[in-house]
Amino acid sequence: MSMQLLVVEDSKPIARVIRQIGEALNYQVTVATTLAEVESILQGNTDFFAATIDYALPDAPNGEAIAYVLSHSIPSVVMTGKMDETTRQQILAQPVVDYIPKENSQAFLYLKRILHWQITNSSTGILVVDDSLAARNYVSQLLKRRNFNVYLANDGVQALERLKQHKDIKLVITDLEMPIMDGIELTNEIRKIYSRDQLAIIGISGADNGMHSARFIKNGADDFLRKPFCPEEFYCRITQNIENLNNIEQIQKAANVDYLTDLPNRRAFFSKAEQLVPQYIKRDMPYCVAMIDIDFFKKINDNYGNDAGDHVLKVLALYMRKHLGSGLLARLGGEEFAVLMYGVDEDQLYTKLDDLRRDISVSQLTFEEHHITFNISIGLVCNSTETFAKQLNQAESALYNAKENGRNQLSIFGVDD
């Protein structure tokens, strides 16, 4: 179900643009052009996820609509054509999500980002560390307006416990002056566990000494704020740091995930498997390495087209997740896939893989007007003490054996040769 967005705007062209932005983000948009319309709408429906509010309306020229919408606990972004400092302070004195001057087209791009963040921020945790209850509550209120998951700690020791408990935390905001463990010490301890790619840290302090910002940065923080800070600057720093982390995550995903099937790619598979296999051997855990190949894949592309071939690859990935979901899965390239599985005996491992093969062999895919059937061959090596690279070569040798013996079968290295 799409979330509802209330657009309060008396300019039809601007309202149309905001509606398009909202609908592009899958909001269900309701438009009001006057305060009277807003009052009528909210009498019957207050279930709005967010609102954009024009500062000046025909029947509410001085921002009266802002207070009215906020009184219904609707997170609101103010759009204003007035740029004076008095108006700015009047807006920021209220618990708004943000305000945007209507200066140029960048205003609408920024609005789109804010409305997108209101949806996505709910998956991001932020830890606020401060020994002052009033300071913790103030920062928490600011963050909750932006729909972040907020966690609180009153000193560095408690903060480290919160980090262990809540894996969604991507940002820590820590005060400098705290008992037991201060913000600098906490930053140092966090950096022993989390890299800058994994978690961001913003230091804050009310001290006049200008060296604290440098101390925080040199000890592993990403940013610094001096108290008392302006909510505008606070949100800009938060957003910048969260976006940096998200950008790094997207770059890492592009480097490690197959774009078509969303499985790990060859690089990621090798990196993880080379860590895991020695652990399985050391702990004497049953495990296997398997290579999977689609039989006569070229014929599928030749007969039905490359788009159909891509569809088959995606479907195989889905079947692998269904049957082998507990394993480390990957697309190595082309029509070749691989899996590293552990924790059950050889017979059970064999059964899981053969169930995958048989399930695919009796299935028929529909792509456009085509009905497509396909089979897979599997090469398997179990409980080897060789290096992972050699085991994968052995699994590939078993795979070739399966193909030479008629395809649509599973071959075990050293058994079916």
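The values are calculated or read from the model by the stated rules, or taken from the named source; none is laboratory data. In this text, all values refer to a predicted model and were calculated from it rather than measured experimentally. Neighbour counts are summed over all protein chains in view; Cβ atoms, including those assigned to glycine, are modelled from backbone coordinates with ideal geometry. The protein model used for the area step is the full one, side chains on, heavy atoms only, and it has no ligands, DNA or RNA in it. Shrake-Rupley method; radii C 1.70, N 1.55, O 1.52, S 1.80 Å.
Once phi is turned into θ = phi - 60°, what whole-Hz ³J(HN,Hα) does the Karplus curve with 6.51, -1.76 and 1.60 give for every residue of the range 243-259, x standing for Gly and Pro?
Computed from phi, the couplings for the range 243-259 are 5, 4, 4, 5, 5, 4, 4, 5, 5, 5, 5, 4, 7, 10, 10, 5, 5 Hz.
Enter the Cα centre distance for the pair the range 35-96 and the range 188-222, rounded to the nearest angstrom.
37
Would you calculate, for the chain, the mean residue ellipticity at 222 nm contributed by helices, counting each DSSP H stretch of 4 or more residues as -39,500 (n - 2.57) and dividing by all residues, to the nearest 500?
Values: 15 runs with 196 residues, N = 417.
Roughly -15000 deg cm²/dmol at 222 nm, from the helical runs in the chain.
Got a sec? What order do L152, L133 fall in by accessible area at 1.4 Å, biggest, i.e. largest, first? Walk me through the numbers on the way to the answer.
Values: L152 60, L133 105 Å².
So, going from the largest accessible area down, we get L133, L152.
Going through the range 320-411, which trypsin sites (Lys or Arg not before Pro) have at most 15 other Cβ atoms within 10 Å and a DSSP loop state? Walk me through the numbers on the way to the answer.
Details: sites: R321, K322, R331, K352, R357, R358, K390, K403, R407; in loops: R407.
Here the trypsin sites (Lys or Arg not before Pro) that fit, given the DSSP loop and packing criteria, are R407.
Quick one: which of K192/K218; K322/K352; K298/K390; K144/K253; K164/K282 span more than 18 angstrom between C-alpha atoms? Please report the intermediate quantities before stating the final value.
On the way: K192/K218 14 Å; K322/K352 10 Å; K298/K390 28 Å; K144/K253 28 Å; K164/K282 27 Å.
Checking Cα-Cα distances, K298/K390; K144/K253; K164/K282 exceed 18 Å.
Provide the solvent-accessible area of L160, counting protein heavy atoms only and rolling a 1.4 Å probe, rounded to the nearest 10 Å².
Here the accessible area works out near 40 Å².
If I compute Kirkwood radius over Cα pairs in Å from the structure I just sent, which labelled value in (i) 22.0; (ii) 26.4; (iii) 25.7 lines up?
Read-out taken from this structure: (iii).
I need the chymotrypsin sites (Phe, Trp or Tyr not before Pro) found in the range 178-263, filtered to DSSP loop residues with at most 12 other beta carbons within 10 Å of theirs. Present the calculation step by step, with values, prior to reporting the outcome.
On the way: sites: Y194, F216, F224, F229, F234, Y235, Y259; in loops: Y194, F229, Y259.
Qualifying residues, ordered by number: Y259.
Check A32: other-chain or 5+ apart residues with amide H under 5 Å from its amide H, H built from backbone geometry?
V7, V8, E9
Compute the Cα gyration tensor for the range 49-188, then decide on rounded, prolate or oblate, letting a ≥ b ≥ c be the square roots of its eigenvalues: rounded whenever a/c is under 1.5, prolate when a/b is larger than b/c in the other cases, and oblate in all that remain.
Numbers: a/c = 2.63, a/b = 2.17, b/c = 1.21.
Prolate.
How would you classify the range 326-417 from its alpha-carbon gyration tensor, with a ≥ b ≥ c the square roots of the eigenvalues: rounded for a/c under 1.5, else prolate if a/b is greater than b/c, otherwise oblate? Working shown, then result.
On the way: a/c = 1.83, a/b = 1.71, b/c = 1.07.
It comes out prolate by the Cα gyration axes.
Quick one: pull the percent of accessible area on the range 315-400 belonging to carbon and sulfur, 1.4 Å probe, ligands and nucleic acids left out. Write down the numbers at each step before the final one.
Numbers: 1700 of 3810 Å².
Percent of accessible area from carbon and sulfur atoms in the range 315-400: 45.
Among Y55, N247, P95, pick out the residue whose Cα is farthest towards the positive end of the charge dipole of the chain, where Lys and Arg carry +1 and Asp and Glu carry -1 on C-beta, about the Cα centre.
N247
Would you mind telling me the share, in percent, of accessible area of the range 138-261 contributed by carbon and sulfur at probe 1.4 angstrom? Please report the intermediate quantities before stating the final value.
Details: 3070 of 6060 Å².
Carbon plus sulfur share of accessible area: 51 percent.
Once the range 65-124 is represented by equal point scatterers at the alpha-carbon sites, with solvent omitted, what log10 I(q)/I(0) does the Debye formula produce at q = 0.28 Å⁻¹?
Cα-only, vacuum Debye calculation for the range 65-124: -1.22.
Mind listing the long-range amide H neighbours of G81? Cut-off is under 5 Å, sequence gap 5 or more, other chains count too, H placed in the peptide plane at 1.01 Å from N.
Y55, A56, K102
Express the accessible area of the chain per residue in Å², computed with a 1.4 Å probe while the remaining protein chains stay in the model. Don't jump to the answer; show the numbers that get you there.
Working: 19940 Å² over 417 residues.
In whole numbers, the chain has 48 Å² accessible per residue.
Could you look at the range 1-108 and say what percent of its accessible area is carbon and sulfur, using a 1.4 Å probe and all protein chains? If you can, show how the numbers build up before the last one.
Values: 2540 of 5080 Å².
Whole-percent figure for carbon plus sulfur exposure: 50.
Just to be sure I follow the definition: excluding the sites themselves, where is the longest run in the chain that has none of the GluC sites (Glu not before Pro) in a DSSP loop with at most 12 other Cβ atoms within 10 Å? Spell out each step's value before the answer.
On the way: sites that count: E103, E368, E369.
Between the exposed loop sites, the longest stretch runs 104-367.
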